[in-house]
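Heads up, the thing below is written out as structure tokens.
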Amino acid sequence: MAQIQEDARRRIELRGRKFPRPAKTRVITVANQKGGVGKTTTTVNMAAALAQAGLNVLVLDNDPQGNASTALGVDHRAGTPSIYEVLVEGAPMADAVQESPDTPNLWCLPATIDLSGAEIELVSMVARETRLRTALDQYLEGRVAAGQEPIDYVFVDCPPSLGLLTVNAFVVAREVLIPIQCEYYALEGLTQLLKTIQLIQAHLNPQLHVSTILLTMYDARTNLAQQVAQEVREHFPDVTLRTAVPRSVRISEAPSYGQTVMTYDAGSSGALAYLEAAREFAERAEPAVTAGGSLSSTVQRAWQAADAMASAHNSNATPASNGLGDDAGSATPQQQEEL
């Protein structure tokens, strides 16, 4: 019942809502070295939510799996002009960008299977870390010169590894959005990711900073999810969004239909959560960053969150509980369908 009431509130509050347009293009890399935390899902649904709110959004699919391209319904078969030609061959980005057929104002630079070999080919190239940034700058300038509306948001989807593709994604962006799955291992992965960002900031991109943390796959019925959410919000209060994305079968089903959950089932709990997260993200001004600023304190907070979570987990976990709250069996049929 509580979930139904929350969804009703969100529908009333968000229906037809226009989000504020940023003063300049915001470039956000969605990253987490841990796999399966919802990077691609967050990328495409945040992008679709912002586009539905009247903003111009571009998604750069920088993952050889091409899952973001699939979810946005754009062609990414072998031989399709893609991010591979942009990175390796220096082709203009405008020649490869496609508009999503289901969402106006949403464009995608797709990834094909060719991208899987790009890591090796980039090694010997000049300016290998900045090739994506150069291509994006030229594309954004070309749109303005051609009299087209400027892009408001650029989201970069990353593979779950640290290679030259991910380095290019960190160099092209100013902001990093980190999706965190509500489980213990996610906090350990966060620490490693922040150390990587710290290295990129020190040597390649002084303006890079973590602007947003989004809790994903949140199941309010489990004590573990509640504890992880509490620790993350306690240690990163300024960057963690209030909205948490629940586990939802609708979110998982949408890509199999070549859609985001925003068009597949706009009234589902997952779609409403991403729409609210996008609004919260858009209404937060990009924080000012001092060039060369240190992330050491952020890394330290991540360690503290992981340690606190480990202590709580060791002291509270019992074989009988399995991390479930007392009300684990009280979900309504509709809530069970959403989980």
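The values are calculated or read from the model by the stated rules, or taken from the named source; none is laboratory data. Keep in mind that what you see is a predicted model, and the values were worked out from it rather than measured. Cβ sites come from the backbone with ideal geometry, for glycine too, and all protein chains shown count toward neighbours. Please note that ligands, DNA and RNA were not included when accessible areas were found on the heavy atoms of the full protein model with its side chains. Shrake-Rupley method; radii C 1.70, N 1.55, O 1.52, S 1.80 Å.
Check cross-link reach from Lys24 to the lysines: straight Cα distance under 27 Å, and skip same-chain residues fewer than eight apart.
Straight-distance partners of Lys24: Lys39.
For the full complex of protein chains and a 1.4 angstrom probe, list Ile28, Ile113 by accessible area with the highest value first.
From most exposed to least exposed: Ile113, Ile28.
Roughly what would the spin-label model give for Met125 and Glu283, points 7 Å off Cα along C-beta, in nm?
4.1
May I ask you to list the lysines whose Cα is less than 30 Å away from that of Lys34, ignoring any residue fewer than eight positions away on the same chain?
By straight Cα distance, Lys34 reaches Lys195.
Counting only protein chains, not ligands or nucleic acids, how are Met262, Met125 ordered by accessible area (probe 1.4 Å), most first?
The ordering from most to least exposed comes out as Met125, Met262.
How far is it, in nm, from the label point at Gln148 to the one at Tyr257 when both lie 7 Å from their Cα along the line to the Cβ?
2.9
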